[in-house]
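Heads up: the structure comes next, in structure tokens.
The values are calculated or read from the model by the stated rules, or taken from the named source; none is laboratory data. Note that the coordinates shown come from a computational prediction; the quantities given were computed from them, not determined experimentally. Reconstructed Cβ throughout: ideal geometry from the backbone, glycine too, with neighbour counts over all protein chains shown.
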Amino acid sequence: MIYVKKINNHGQALVEYVLIIAIITVFAVTAMKFLGGYIKDAITKTSCSIMDQEFQEGEKPGEGKCVDTRIDQLK
């Protein structure tokens, strides 16, 4: 009689999914590290225009801020 051993691949599939998720996570974190300041500036520019203020760029990406232009007009 010949015995055939069944191979269980369920654990292997789970490990593959975890590796794929880990690679995607590393890519997303790296992208946010490099692009985070630019994204923050874009959101700040939009909020400045909504609040009728002027966007003032910072020295580095992500350091921009809104400046109230109405104070200058009152002087």
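Can you confirm whether Phe55 is among the hydrophobic types (A, V, I, L, M, F, W, C) and surrounded by 13 or more Cβ atoms within 10 Å (Cβ to Cβ)?
Working: among the hydrophobic types (A, V, I, L, M, F, W, C): yes; surrounded by 13 or more Cβ atoms within 10 Å (Cβ to Cβ): yes.
Here the answer is yes, as Phe55 does meet what is asked.
Being at pLDDT below 90 and either surrounded by 11 or more Cβ atoms within 10 Å (Cβ to Cβ) or not acidic (Asp, Glu) (or both) narrows it down to one residue among Gly11, Gly37; which is it? Don't jump to the end; show me each part of the working.
Details: Gly37 fails: at pLDDT below 90.
Of Gly11, Gly37, the one residue that is at pLDDT below 90 and either surrounded by 11 or more Cβ atoms within 10 Å (Cβ to Cβ) or not acidic (Asp, Glu) (or both) is Gly11.
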